[in-house]
Structures are given as C-alpha cells and as structure tokens.
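What follows is a short report on a single structure.
The values are calculated or read from the model by the stated rules, or taken from the named source; none is laboratory data. Treat the numbers as computed from the prediction; the structure is a model and nothing was measured. Reconstructed Cβ throughout: ideal geometry from the backbone, glycine too, with neighbour counts over all protein chains shown. Keep in mind that these areas ignore ligands, DNA and RNA; they rest on the heavy atoms of the full protein, side chains included. Shrake-Rupley method; radii C 1.70, N 1.55, O 1.52, S 1.80 Å.
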Amino acid sequence: MKNFFNAYKLAGIAMLLLISASCSEDFTNRPPEDALSLDAYYSSNEQVASATNGMYSRTWFQFENKFFWAVTEVGSGNMYTGSSDVNAMRNFSLNGSDPELVNGWSSLWANIAQSNAIINFLADRVSSNVDDAVLQNTIGEAYFMRATAYFYLVRLWGSVPIIENNLDYTTTPNINTNRVEDIYTLIERDYTAAIEKLKEKHRTANYADNGHVSKGSAKAMLAKVYLYEKKYTESRAMAEEVINSGEFKLLGGAELPTKSFADLFLYTNNNNEESIFALQWKGDGNYGSGNNCNTQFGISTATVSTSNASYGGVFGPSQDIMAAYSLGDLRRKETIMFPGATYPNIKVVPSGGTLTVPAADQIGGQGAGAAIKKYCIGIVNGSVTGPADNWAMMDNNTYIMRYADLLLIHAEAVLAGGASTSDASALSSFNAVRNRAGLSSLSSITFDDIFKERRLELCFEGDYWFDLGRIPRAQAIAIMAAQNRGNRDFEEHFTPEEGDFLLPYPDNDVAKNPLLIQPPVPYTFD
C-alpha cells in the first residue's frame, strides 16, 4: 500500500482504480484496469452502480488482514498471539515502524482517497443515460465509506488530517492534523449525506441483494458515532429509526426463529438480515481479494487442520476471554473452539472428516489451549464454504456492524449515562440479544451489564478495544491489567499507560510531515 503522503496524490490514480470494480452488481467480475475508458465506463446505470464494488473489499484488505485483529482483539485482551508480526499490542509495545501499523494506516487513507474521487469527480463523468437516483446512491456509498474510514482513524489515532479532496494537497507535502471534534463533525456530515443519498432497503432472504449499504446502514453507523460522542438523545433517536424500519433482524430472534447465532458466520449466510455493513470478499486470482481469517484463526496441527493452507492459528483466544462465557451461553461454542467440541459444518485435513476439537495441548493457536471459531469455516467444502484462492483465502464476509450491535447501542443510549434503567424499549433491545444467546431476560440493566454483553456478543469482531477506549481511563487500565494475557502455560500481565490507547503515527510519515505530531488545528468546513 502507498504511504500516507502518496495518498495525497491518489485522487487521479483513484479515478483510474474505479474501473477495476465489477461491471455488474455482483462482486465477482472485475475487468482489467485498462479495459475501459472513464467515459465509456460510466455510460450506464450498471456501470455507475458498480463503481464502489472494490471499496467493499480490496481497499480494506491491509486493514482487515492482520492489523485490525492485532490491535482491536489482541490489544483488548480478547485474543492471544506470540507471532512476532502481530503481538506488539499484547504487551503494549507497538511503535511507528511496525509494518502492520503502516498497512492499517495506509488502507484507511486509500479508502478515503477512493471515496474522495467518487464524491468529487463521478458526477462529471457520467452520461445522460444514467439515472440520477443511481448516481446519487453511488456517491452516497462513497460518503459512507469515507465516514467509516475516518471513524476508525479517529478512534485509533485521535487527531488526523481531514482531506475532502486529494487534489487540494498535491503540492502540499506538509499538512496539519485536525481536532478530534472536527473529525467527528466530518463523520456526522458524511453519514448524513449518505442517509440522504442512499436507497432504502428491506433485507430479505434474498441475500444477493444485500451486499451494498443502504440508508438504514448509514443511520445505524451514525447512531454508533453519536454514542461515542455521548450524544445519547441523537443516538437513541437514530437507533429507533432503524429498529422501527424493520430493515434488519436478529438471526435466531423472534422474527427469524429458525436461524441462530451460529448461522451468522456461515458462508451461505453472507449478507443476511442481520448484516448492516460487511466487507465483501470474493477471490478473483489476485492477492487481497479474499478473507484470510479462516487460516489465521483456525486450528493447525500435524493431525488436524481447519485451513486450506499448511499454516494457520496465528491468533488464538486469550485465557481471559475463555473464562468469560457461562456454559449456558450459546455464543460460547460459536465464538471459541474448546477441546472436545464438534462442528459438523467444518471439514478438516488430512482426513476430510468433520471437526472434533482435539485436546488442549494438540490445538494450534499459539498454545492457547483452544481456537477461535468465528470466521473459521474449515477447508473447502463445496457450497458450504465456497472456494479458496491460491493463498487459502475465502469469500466469507467480515462484519463491520450488525443488528445486535445496534440493539445494544440503543439500550445504552436509553440508559444515557445513568446508573440503571428499566425502560421497556431498552430492555427489549438488550434482552433480544441475550435471549438469542439462550440467556434469561433482565428486568433492569446497568452500563456494566451492557458493557459485558457487548464483549460477549461482539467478541472477535473488533469492538472491545474501542469500548475500553470510551470508558474512564483508570477503569480501562484496571480491566486490562487484570487480564491474563499469556497462553495456557504462562500467565502474563501487562498494564497499559495513558498513551497506549492511541496508536503512534507511522515513522516514515512523521519524517516526511513533522506536522503530524504538532498540536491539531481547527478545520474550516465549507
């Protein structure tokens, strides 16, 4: 990936990259970059609608491949790893020269560059044959993607530069960071623009229609942003708009009782009714088009492997998270593979049989004594798993947000920082998530109840690090210091410092632009 400063120059390049997206609404077929001219490419509704396809996968790959898990899950204490390329956050030793830090940073800026290209230039590159509703929806997707990239940037790094048009900085090698409050203003504005432009959608069992984000997706993400800003009234209102729309449903909830929590992570359920926004992996022969989690999370030993490759188990569950689930919690088995558990849907090598998890000392995953189940779907097994590419990457989606998250956001927004609540709507949202997990309803809930439920529900989905980051710092430090962050053989404890909750800027970018480490400046919006 190009570094941050090359991203300033990506506006023109990004327009060329747009043509690498599919020529249909399917994410499968991507023509060569030199196959179409810009004028010809945007001559139909189908071509315009497909302009964002690549932004649901390849632009996110270096963010999601290792960096995302190494920071959010290893850093939060949900995952364990001893692998040198991804273990710095286990003991809070991450520095600006870390290659995966650079990958994650660069990936987010690539998303912003691609989004900016569409927002600023697409309207001038479509023919009169293109319906305005189609054009506006595509631009709305770009606003959604830019907002999402900045939402990650501000939570991971704090102050970063606001770039709304890359061409504004082609001759400016040095650029200030902007204040956190201004970045949140941009995020709010972008999601609001997305809400205005995106199509409404009602998600059904026709999952092929659900890959692209909708008006409801943008509202759900904005509800989450408001919660982080402690704008509880706005967060509640936005969450209730989404809930009342009926667009999304819990798999295994009252409206879909024949489904279950386990069904969320099956390849066949990509873009299900609960999916608000998910990365759309589709192997196409190019590195970086598929999902690598099946290999990185799965069991890999001499006798049993759930990966299509000869390696695996880069990440395992932490000792801390393994003790967090009650035995009656249906999410436990579908989140962590404990010794003796069986998974009929997972085929393994070399036997080709179905998986029975071996003894603790026979499991890969860095000596954790268990393995990660979420996103682990096993070796290729026909339509159950879909194909694997030459790098053993597969096509199962990665969730960025799903409906259970929104329901817990709604409950917290109703609580609004209070000690507890018995509000019927908050309890309805909260207990829907618990009941789906096989747990009994609560008649009153506190923030600690919601905080715990979020960890159990969204474990290995990248949220716990950010949840820790938004509670009082002393409380977060105490939680993390108490975690056993070692493996099954060696208990280890590490205590983060205040500065560990924001990541360092990449060293190379700081060397090129010393303003990155100067105090942020206000941003002037048009």
Quiz item: So which of 98, 85, 131 is open to solvent by 10 Å² or more (accessible area, probe 1.4 Å), of a type in the set (D, E, K, R) and closer than 27 Å to residue 473 by Cβ?
Solution: 98
Quiz item: Quick one: is residue 497 touching a residue at least 12 places away in the same chain (Cβ under 8 Å) and closer than 21 Å to residue 325 by Cβ?
Solution: no
Practice problem: Looking only at the range 368-387, decide whether some residue is in contact with a Ser or Thr (Cβ under 8 Å, 6 or more places away or on another chain), closer than 25 Å to residue 212 by Cα and open to solvent by 30 Å² or more (accessible area, probe 1.4 Å). | Solution: yes
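Okay, residues lined up against (1) touching a helix residue (DSSP H, G or I) at 6+ places or on another chain (Cβ under 7 Å); (2) modelled with pLDDT of 95 or more; (3) part of a strand (DSSP E or B):
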| residue | (1), (2), (3) |
| --- | --- |
| 417 | yes, no, no |
| 426 | yes, yes, no |
| 433 | yes, yes, no |
| 438 | no, yes, no |
| 451 | yes, yes, no |
| 460 | yes, yes, no |
Quiz item: How about the range 150-188: which of its residues are aliphatic (A, V, I, L, M) and in a helix (DSSP H, G or I)?
Solution: 153, 154, 156, 167, 180, 183, 186, 187
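Results for (1) open to solvent by 10 Å² or more (accessible area, probe 1.4 Å); (2) modelled with pLDDT of 50 or more; (3) touching a Pro at 6+ places or on another chain (Cβ under 7 Å), shown as yes or no for each residue.
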site: 29; (1), (2), (3): yes, no, no
site: 34; (1), (2), (3): yes, no, no
site: 37; (1), (2), (3): yes, no, no
site: 43; (1), (2), (3): yes, yes, no
site: 47; (1), (2), (3): yes, yes, no
site: 52; (1), (2), (3): no, yes, no
site: 61; (1), (2), (3): no, yes, no
Self-check item: Residue, farthest from the chain's Cα centre (by Cα), within the range 186-225, restricted to residues that are of a type in the set (A, V, I, L, M, F, W, C) and open to solvent by 20 Å² or more (accessible area, probe 1.4 Å)
Solution: 205
Exercise. Please tell me if residue 180 is crowded, with 23+ Cβ neighbours inside 10 Å and either within 17 Å of residue 408 (Cβ to Cβ) or under 22 Å from the mean Cα position of the chain (by Cα) (or both).
Key: no
Practice problem: Would you please name the residue that is farthest from residue 222 (Cα to Cα), looking only at residues in the range 266-306 that are among the aromatic types (Phe, Trp, Tyr) and open to solvent by less than 10 Å² (accessible area, probe 1.4 Å)? | Solution: 297
Self-check item: Among residues of the range 229-258, those that are among the charged types (D, E, K, R), over 29 Å from residue 188 (Cβ atoms) and either crowded, with 21+ Cβ neighbours inside 10 Å or in contact with a Pro (Cβ under 7 Å, 6 or more places away or on another chain) (or both), counted
Solution: 0
